[in-house]
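Peer 1: Attaching a single structure in structure tokens format; questions to follow.
The values are calculated or read from the model by the stated rules, or taken from the named source; none is laboratory data. All values derive from a computational prediction rather than experimental measurement. Here the Cβ is made from the backbone with ideal geometry for all residues, glycine too, and neighbour counts use every protein chain on show. Accessible surface is based on the protein model in full, side chains and every heavy atom, while ligands, DNA and RNA are left aside. Shrake-Rupley method; radii C 1.70, N 1.55, O 1.52, S 1.80 Å.
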Amino acid sequence: MNKINYKIILSVTAVLLTSASRAETYQCAYLYEDQPYSNTFKRMSNSIFSERSLGGNIEIDVLFENTTYLTLGAMKSYGDFIGYNVAIINKVDLSWRATTVVDPSDKANTSAIVEGTCLLN
């Protein structure tokens, strides 16, 4: 009986530790028009992150991931227009870059490319 309990406890511990090791939070900073800003990307699952930024909190999809790169994307509203935001984080040197692809017929709105560095928690 003790052997079975030990195996169950060991299995549950292994599952919990594996899940905890996948928990990641990237705190990324950048300058835009000489003002500091930050975005925080927190892993919710293998395919979803939560992004906290000046615009609020949204869920953002993992578009691609390997040992070096994490690419995230989501449709966002920017007040008077919408666009598809894409962020690429280099997991090795913790640099990042993001931009928004705007509807090509929308000639009034464009998106800057922002870049900076991240901290990994």
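Peer 1: Has the stretch 88-96 got at least one residue that is charged (D, E, K, R), modelled with pLDDT under 95 and over 10 Å from the mean Cα position of the chain (by Cα)? Walk me through it before giving the result.
Peer 2: Step one: list which residues in the stretch 88-96 are charged (D, E, K, R), which gives 91, 93.
From what's left, modelled with pLDDT under 95: none.
No, because not a single residue in the stretch 88-96 is charged (D, E, K, R), modelled with pLDDT under 95 and over 10 Å from the mean Cα position of the chain (by Cα).
Peer 1: When you go through 54, 63 one by one, which is the residue that is under 15 Å from the mean Cα position of the chain (by Cα) and surrounded by 12 or more Cβ atoms within 10 Å (Cβ to Cβ)?
Peer 2: Testing whether each residue is under 15 Å from the mean Cα position of the chain (by Cα) and surrounded by 12 or more Cβ atoms within 10 Å (Cβ to Cβ) leaves just 63.
Peer 1: Could you list, in sequence order, the residues of the stretch 109-121 that are hydrophobic (A, V, I, L, M, F, W, C), touching a residue at least 24 places away in the same chain (Cβ under 8 Å) and more than 14 Å from residue 41 (Cα to Cα)?
Peer 2: 112, 114
Peer 1: Across the stretch 37-50, which residue is farthest from residue 70 (Cα to Cα) among those that are free of Cβ contacts under 8 Å to residues at least 60 places away in the same chain and open to solvent by 30 Å² or more (accessible area, probe 1.4 Å)?
Peer 2: 38
Peer 1: Of everything in the stretch 25-36 that's open to solvent by 70 Å² or more (accessible area, probe 1.4 Å) and in contact with a strand residue (DSSP E or B) (Cβ under 6 Å, 6 or more places away or on another chain), which residue is nearest to residue 95 (Cα to Cα)?
Peer 2: Pass one, the stretch 25-36, residues open to solvent by 70 Å² or more (accessible area, probe 1.4 Å): 27, 31-36.
Still in the list and also in contact with a strand residue (DSSP E or B) (Cβ under 6 Å, 6 or more places away or on another chain): 27, 32.
Details: 27: 11, 32: 16 Å.
The residue in question is 27.
Peer 1: Quick one: in the stretch 102-119, of everything that is loosely packed, with under 12 Cβ neighbours inside 10 Å and aliphatic (A, V, I, L, M), which residue is nearest to residue 87 (Cα to Cα)?
Peer 2: Out of the qualifying residues, it is 113.
Peer 1: How many residues, within the stretch 79-101, are in a loop (DSSP other than H, G, I, E, B), open to solvent by less than 70 Å² (accessible area, probe 1.4 Å) and under 18 Å from residue 40 (Cα atoms)?
Peer 2: Adding up the residues that qualify gives 2.
Peer 1: Just checking, how many residues over the stretch 84-116 are under 19 Å from residue 28 (Cβ atoms) and not β-branched (Val, Ile, Thr)?
Peer 2: Counting residues in the stretch 84-116 that are under 19 Å from residue 28 (Cβ atoms) and not β-branched (Val, Ile, Thr) gives 15.
Peer 1: Would you call residue 76 open to solvent by 80 Å² or more (accessible area, probe 1.4 Å), out of contact with any Cys (no Cβ under 8 Å at 6 or more places or on another chain) and modelled with pLDDT under 95?
Peer 2: no
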